[in-house]
Structure formats: structure tokens, C-alpha cells
1. State which entries of K312/K336; K181/K312; K6/K181; K214/K371; K6/K189 exceed 20 angstrom in Cα-Cα distance in the structure shown.
2. What's the angle, to the nearest 10 degrees (0 to 90), between helix 21-30's Cα axis and the longest principal axis of the chain?
3. Pull out a ≥ b ≥ c, the square roots of the eigenvalues of the alpha-carbon gyration tensor of segment 129-283, then state rounded if a/c is under 1.5, prolate if not and a/b is larger than b/c, and oblate in the remaining case.
4. About its Cα centre, how strong a charge dipole does the chain have in debye, to the nearest 20, once Lys and Arg get +1 and Asp and Glu get -1 at the Cβ?
5. Calculate the dipole size of segment 7-183 relative to its Cα centre from +1 charges on Lys and Arg beta carbons and -1 charges on Asp and Glu beta carbons; express the result in debye to the nearest 20.
6. Provide the gained length on full extension for the span N315 to M380, in nm with one decimal, where the gain is 0.36 nm per separating residue minus the Cα-Cα distance.
7. Need the full-extension length gain, L238 to A167, defined as separation in residues times 0.36 nm minus the C-alpha distance. One decimal, nm.
8. Mind giving me the FRET efficiency for R143 and E41? R0 is 22 Å, r the Cβ-Cβ distance, nearest 0.05 is fine.
Amino acid sequence: MSLSNKNILLGVTGGIAAYKSAEIVRGLVKKGAGVRVVMTESAMRFITPLTLAVLSKNQVNTGLWEGDQERIDHVSISSGSDLFLIAPATANTLGKIAHGLADNLLTNLFLTFKGPVVVCPSMNSNMYLHPAVQANLEILRQRGVHIIAPAVGELACGVEGVGRMPAPEAIVMEVETLLMKRAKLSGKKILITAGPTREFFDAVRFISNPSSGKMGYAIAEAAARRGADVVLVSGPSLLPKPAGVRLVNVVTAEEMNEAVMSNLKDVDAAIMAAAVSDYRPVGRYPEKLKKGEEKISNDLERTPDILENAGKRKNGFLLVGFAAETEGLLENAREKMLRKNCDMMVGNLVNSSRSGFESDENEVMVISKKKDTVDKLPLMSKRQAAERIMDKIIEEMGLD
Ligand code: PMT
């Protein structure tokens, strides 16, 4: 059974979909998982603790003040759990966990739990689409919480829209996939670069590019979710540090090169998604240049090619480069893969506002030297693309 040896903590909150949590418990138990349930007070208005205790063959906890006085339940209940699933998750509970409020057993457990958390938002579509709920979901997503998006359909309030909790089997399958994927990279060290570099020609002005870091950060998140020990070397980016990742901030190509070279030792894979400036001004004026002559000039010189340097130091790790191209994507990406001694190349089309720099979506192709294959992926969110790229990397590493 795929989930034997796995313990799942299931949090049930007070939405109409709470009745489906019985099926979630059954599905998890059928796959061999041990299931422990905690419920909020409002959840008990929709389904009884007894139902879930019978199905999980375990005591169900409902309050902060129940249980033995000698044990602190809000810590002990979750210890030994491999994953915390909150399904359904109401707007109220999402708001509390996004902001660190802990006024019941479930929200206390959320704060003490160190493992992966999956939430299934389920509510009326106006509530779900409200900017406050969306902002809370974004906070949770950025902290590494896995969100299973609600489905579109008829809602309990009688309207059609987004907000339905997905079918219990789909939730169980997603939990299963997550746990299996999570194990794939445990014990592996992965180095990732992201964002732009800045090459200054005076105290405040520089040559750079519009890279936001979104692609590289999404890859770092995807690798960390699968259990890897991730070092993310990032140029200037406004994005928050991804959960469970060691972030090394750099500014220039020279600094990025140094950070990468000093972290290459014992990596299992290096993935270079940064948009490194190829050239830098030869001289850097120490102050802010004053406006004066009509024309001024400054020579440019090459920056270190970090990917190429990593290719020269390859000692068994998998090296993955990115190739940002406006035309001839496949040929150019292949040429860079061979020239820089990479094992794989992600060809990235950067000729539209929907793909490449800054956008939330991306259109990429993943090229494998060893397998001599090219996988063209359609336009999708950078998060989805990151998952697909990680799948290919895991396959290439022989860990699938
Ligand atoms: O950050 P986002 O806004 O999400 O945008 C994502 C992205 C478009 C920046 C990203 O998906 C991407 O394509 N990154 C590579 C950008 C790039 O610089 O491509 P390139 O074809 O110029 O470089 C090829 C490879 O060599 C890259 O892996 C690059 O990191 C590396 N390189 C380039 C120059 C240099 N001096 N050192 C390098 O290591």
C-alpha cells in the first residue's frame, strides 16, 4: 500500500464540505496511512467526531483544553505526522493560519507542525475570490503551504462558481503524490540560481535585465517540496525567501560566480535560471556621475560565465542551464548545452509578454543530452513549469 508507514494529520474545519472528510479518511486509511483527525467547533456542526473516529480508528481531538493535563496536546498530537492536511479549509481558518493566530487546537497544531501542510480551500465563490482570502492564500503559498485549488461547480449556497472542495479521491491522490515526490530528493543537495545581476557604472546606475526571479524561485520551491536541501543564489529580487531554502543574496555576476563556485562542492544538481549580465562596464565611477558632456562612453568587458565555469568543474553532479531566446530556440539552446557542458537545457521563449522575463507564465522546452530528447511544454504558470522541470530532472538523475 502506497501510504503504509505514513501518518496524516487531518484538520477539518466548519464548511459544508466537512461531510466529505469522512471519504478522505477512508481513502487515506485504504492506502495504508495512519490518520489522526482534529476538528474545529464549527466542523462538528457538519459532521460528528464519532464518524471520523470510527473511520480513522483513532481518537478525534476537538479542543485545546481536553485530554491529559500532563501532556501538551497541541504539540504531541502532530508529532510523528508526515503531513498535515486541512480539508475543508474555511476562509476563517485560512485567515488565522496565514496570520499566526492560534485560538483553537487546529490552528495551534498548524503553528507547531514542522512538516508539509496541504490546504483545500472550500467556500462560496465570492468569499474565495475576495482579495482578503486570495492574499491569505498567497501568504500561505509563499511559506510553502501546498494549496489544492477548489473546483468549479454548484455550491451549497445554490450558485455556480469556484469554491467546491475537489473530490476526496483527488485530494487523497494529491497527498499521495506529494509524499512520494517529497521523498525523491531527500538527502540531495541542489544549487539554483535566479534573478538578474547588476553591473554598476557609477555609484547608483547599472546594466541589468528585467528578470524577476519568479522562475528560479519556483524551481527552488519545487525542489524543497521534494525534500532537497536547496541553496538558492539570487540576484536582486522582490520575491520573499521560499520556505525551506537557504538563500544567498548577490548583486553582480562576479558575486554570483563566487557564491556558486563555493557552493558547488557536494551538490547533486545545479540549475542555473539566473539572467546573468554578459558584460559589465570596465570602470565604475565611485560617485553618482554628474550630467555634463553631450556624449560619454564606457567600455564593456565580459563577466564570468558561471554556467560554463560550473561545466568545467563537473564532478558527477547534473548541470542544467537555461537558454533565453527570442528565435531559434531549439538550435540555440542545444548549442549552449554542448558548449557549456550541461546535461540538460531549458529553452525559454522570451519573445512575448506572457513568457520569459517578469511574467507569471512561461513556455519552455526541456532538452536532455543523454536521452537526446526534447520535451516542449505549453504555456503554463511558472510554478507548474517548475514542477514539470523538476520531474524531468529527477528522471534524469535516475530517482523516479
Ligand atoms: O526571473 P524571471 O522574471 O522569472 O524570468 C525567467 C528567465 C527568463 C530569466 C529564466 O527563465 C531564464 O531563461 N534564464 C536564463 C536567462 C539567460 O541569461 O539566458 P542566456 O541564454 O543568456 O544564458 C544561458 C545560460 O548561461 C543561463 O543558464 C545563464 O544563467 C548562464 N549564464 C549566462 C551568462 C553568464 N555570464 N553566466 C551564466 O552563467
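The values are calculated or read from the model by the stated rules, or taken from the named source; none is laboratory data. Computed from a predicted model, the values in this text were never measured in an experiment. Methodologically, a virtual Cβ is constructed for each residue, glycine included, from the backbone with ideal geometry; neighbour enumeration extends over all protein chains shown. When the accessible area is computed, the model is the full protein with side chains, heavy atoms only, and any ligands, DNA or RNA have been set aside. Shrake-Rupley method; radii C 1.70, N 1.55, O 1.52, S 1.80 Å.
1. Over 20 Å Cα-Cα: K181/K312; K214/K371; K6/K189.
2. For 21-30 against the chain, the angle is about 80 degrees.
3. Numbers: a/c = 3.83, a/b = 1.75, b/c = 2.19.
It is oblate, given that a/c is not under 1.5 and a/b is not larger than b/c.
4. 560 debye
5. 360 debye
6. 20.0 nm is the gain from fully extending N315 to M380.
7. Additional length available on full extension: 21.9 nm.
8. 0.30
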